[in-house]
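Please read the structure below before turning to the comments.
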DNA sequence: GTGAAGGGCCAC
DNA sequence: AAACGTGGCCCTTCAC
């Protein structure tokens with residue numbers, strides 16, 4: 001079916017188009033670009049649709065540099081105006097291109113991609129491409145064959161323009177269906193939270209983070225030496241158990257093959273546990289030096305491959321920085337995930353983190369939430385003792401140790417604090433006594449007794465966790481403070497399946513509310529950084545990093561802390577929210 | 001050759 | 001009897 005559209009190629013037409021578009025409260029929105037990466041290609045088209053009429057702005061016709069094009073000023077104002085809603089699919093993509101190539105923000109966004117993910121509520125069978133979403137919510141079949149066509153062409157074909165117009169137009173019928181569905185699923189609030197977080201993330205990806213390649217290479221050189229030494233020594237030790245070794249010299253074993261390494265260890269008489277995972281091998285390391293060597297080799301091998309030369313290839317030549325991909329709903333809990341490269345798994349070791357640094361004349365302002373998940377749990381449970389431990393403002397693990405072991409805070413031993421700490425962390429994930437025993441070295445009985453004491457101290461926490469578990473199994477639904485939803489699937493005839501669903505369902509509201517809070521904080525931060533030198537450069541679940549002019553760092557630190565604490569306060573009412581903020585030259589604690 | 005699955009391990 | 005939640009990346013193995 002042909003779609004009515006107007007092709008906008010000059011300033012007068014642009015002005016008239018925007019005037020017409022402004023009469024609508026909601027517009028379909030899409031862009032066409034010559035590449036997928038805004039630093040590598042050009043923005044060709046911006047499409048805005050009222051449903052009846054669609055305007056296709058050809059950015060090329062307004063000059064070489066879209067940012068400098070005066071004729072596009074009305075369009076920029078319209079896009080930046082949050083009072084006009086723009087419906088787009090995966091809006092982060094369009095926002096990045098518009099920000100970089102037109103020089104303005106896109107505000108007031110409704111994202112059909114994120115809406116679809118929220119509605120799916122963790123169902124991994126559902127797909128979320130525009131074609132899939134259109135089919136699912138409106139039964140419209142979309143042909144995406146022009147998506148990969150040449151948007152660089154001097155003159156675009158009628159079929160290209162038709163395709164471009166249609167993608168913007170289809171957004172409106174999609175929006176109607178999806179807005180209703182969000183409302184009936186109780187997802188309106190979380191959707192707003194997600195949509196308002198899009199622009200901060202789009203901007204963060206454009207900002208990128210500076211990685212000092214020289215420092216990285218220096219570190220890598222050290223690791224290479226260690227790797228080669230460990231590999232050589234491990235090879236020698238393993239070969240001792242292989243028969244052919246004496247005949248043909250040293251038999252080469254693939255040290256990265258868990259099958260070959262396991263065989264070799266068995267030949268050497270090492271009693272092999274169920275797997276060769278580090279935590280299973282660790283206890284054997286003392287008696288069998290070869291096991292210790294294997295663990296040493298694995299560690300350096302991991303450093304060299306996952307955190308080696310490859311990450312340097314992600315440095316964008318145009319900016320000299322790394323622009324990773326952040327998936328806003330990376331996990332069904334609402335947490336972000338990050339890839340290409342994953343900046344959320346850079347080793348904590350200062351040798352790696354110090355390579356991520358502020359550029360000349362700049363500082364990094366780094367803030368992280370203190371015990372955010374435990375504070376959320378305390379709030380949800382309403383447990384007075386648990387809340388008191390936070391209200392005291394003292395070291396939380398010492399306070400809980402003091403309460404659980406019934407000693408004065410100043411008399412808590414290092415060992416008691418350590419038990420309390422590991423239990424505090426484990427509680428959020430639904431740890432059991434046997435796992436707790438495993439990680440502390442306590443006997444099963446002692447572990448059970450310690451946990452009994454813990455839950456005896458925090459009766460309402462125990463009650464909350466039980467009730468939460470019962471409720472998620474009963475209703476097959478879990479929700480965060482913002483209303484984010486997870487549907488649970490389990491086999492009711494399988495105890496293990498029920499137990500697993502229960503842990504997942506109990507954990508999700510806690511982990512997910514933490515994600516809610518971070519997303520709200522990013523919106524507040526984005527607004528308060530406007531007009532400053534501050535730029536968001538990285539986030540790691542409960543940590544936010546901003547780069548800014550050195551002279552402004554103190555001010556930015558206050559803004560960052562305020563945004564994070566205010567966001568926390570919107571979802572957590574009874575427990576104080578605390579952040580630790582510091583100013584540094586490098587990514588460090 | 002390519003891709004999926006599984007083991008292993010980094011982060012929070 | 002069970003045995004701690006979320007991700008991504010690298011490697012080997014194995015099927016096509």
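Structural remarks
- Using the average count of surrounding beta-carbon atoms within 10 Å as a protection proxy, the listed peptides A:75-83, A:158-166 rank, highest first, as A:158-166, A:75-83.
- Residue order, fewest to most beta carbons within 10 Å, for A:135, A:362, A:287: A:287, A:135, A:362
- Pair-distance profile P(r), taking every C-alpha pair of the range A:343-493, with 10 angstrom steps and integer %: 9, 30, 29, 22, 8, 1, 0
- The range A:352-422-the range A:432-501 distance, computed between alpha-carbon centres (Å): 21
- For the range A:273-316, the Kirkwood estimate of the hydrodynamic radius, built from every pair of different alpha carbons, is 11.9 Å.
- Sorted by Cβ neighbour density within 10 Å, fewest at the top, the residues A:542, A:395, A:111: A:395, A:542, A:111
- Kirkwood estimate for chain A, i.e. one over the average of 1/r between Cα atoms, Å: 27.2
- Chain A: calculated mean residue ellipticity at 222 nm from DSSP helix runs of at least 4, using -39500 (n - 2.57): -16000 deg cm²/dmol
- Whole-Å semi-axes of the range A:314-375's equivalent ellipsoid (Cα gyration tensor): 24, 18, 11
- Tilt relative to chain A, helix A:188-207 - C-alpha long axis, 0 to 90 degrees, to 10: 90
- Percent of beta bridges antiparallel (DSSP, the range A:34-152, rounded to nearest 5): 60
- Between 0 and 90°, nearest 10: helix A:459-475 axis offset from chain A longest Cα axis: 60
- Each residue of the range A:39-108 gets 87 Å³ once the volume of the Cα convex hull is shared out per residue.
- Sorting A:524-536, A:40-52 by average packing, meaning the other beta carbons within 10 Å per residue, from highest down gives A:40-52, A:524-536.
- Scattering curve values for the range A:435-500, log₁₀ I(q)/I(0), Debye with Cα scatterers, q = 0.17, 0.19, 0.24 Å⁻¹: -0.84, -0.93, -1.01
- Hydrodynamic estimate: the Kirkwood radius of the range A:159-201 over Cα pairs, inserted into Stokes-Einstein at 37 °C and 0.692 mPa s, corresponds to D of 272 µm²/s.
- By the count of other C-beta atoms within 10 Å, a proxy for reagent exposure, A:346, A:315 are ordered fewest to most as A:315, A:346.
- Relative to the dominant Cα principal axis of chain A, helix A:91-101 is inclined by about 60°.
- Expressed as a fraction of 2.2 N^0.38 Å, the C-alpha radius of gyration for the range A:407-556 is 1.38.
- Net lengthening on full extension, residue A:127/residue A:22 (0.36 nm per residue, minus Cα-Cα): 34.5 nm
- Per residue, the convex hull spanned by the Cα atoms of the range A:233-378 measures out at 199 cubic angstrom.
- Per residue Cα convex hull volume in Å³ - calculated over the range A:24-80: 95
- Three-way shape call for the range A:121-171 based on the alpha-carbon gyration tensor, with the a/c threshold at 1.5: prolate
- Overall form of the range A:373-432 per C-alpha gyration tensor (a/c, 1.5; a/b vs b/c): oblate
- The calculated Kirkwood hydrodynamic radius for the range A:9-139 is 15.3 Å, given to one decimal from all distinct C-alpha pairs.
- Taking every alpha-carbon pair in the range A:545-589 and binning the separations at 10 Å intervals from zero gives 25, 47, 23, 5 percent.
- For the range A:98-151: rounded, prolate or oblate by the Cα gyration tensor [a/c cutoff 1.5]: oblate
- Computed log10 I(q)/I(0) for the range A:352-397 at 0.13, 0.19, 0.23, 0.26 Å⁻¹: -0.49, -0.66, -0.79, -0.94, from the Debye equation with unit scatterers placed on every C-alpha and solvent omitted.
- Cα-Cα separations in the range A:474-589 greater than 17 Å, expressed as whole percent: 61
- Among beta bridges from DSSP that stay inside chain A, the antiparallel ones total about 80%.
Here, each number is a calculation from the coordinates, and none is a lab measurement. A quick note: this is a predicted structure, and the numbers were derived from the prediction, not measured. A quick note on method: Cβ atoms are made from the backbone with ideal geometry, for glycine too, and the neighbour counts reach across all protein chains shown.
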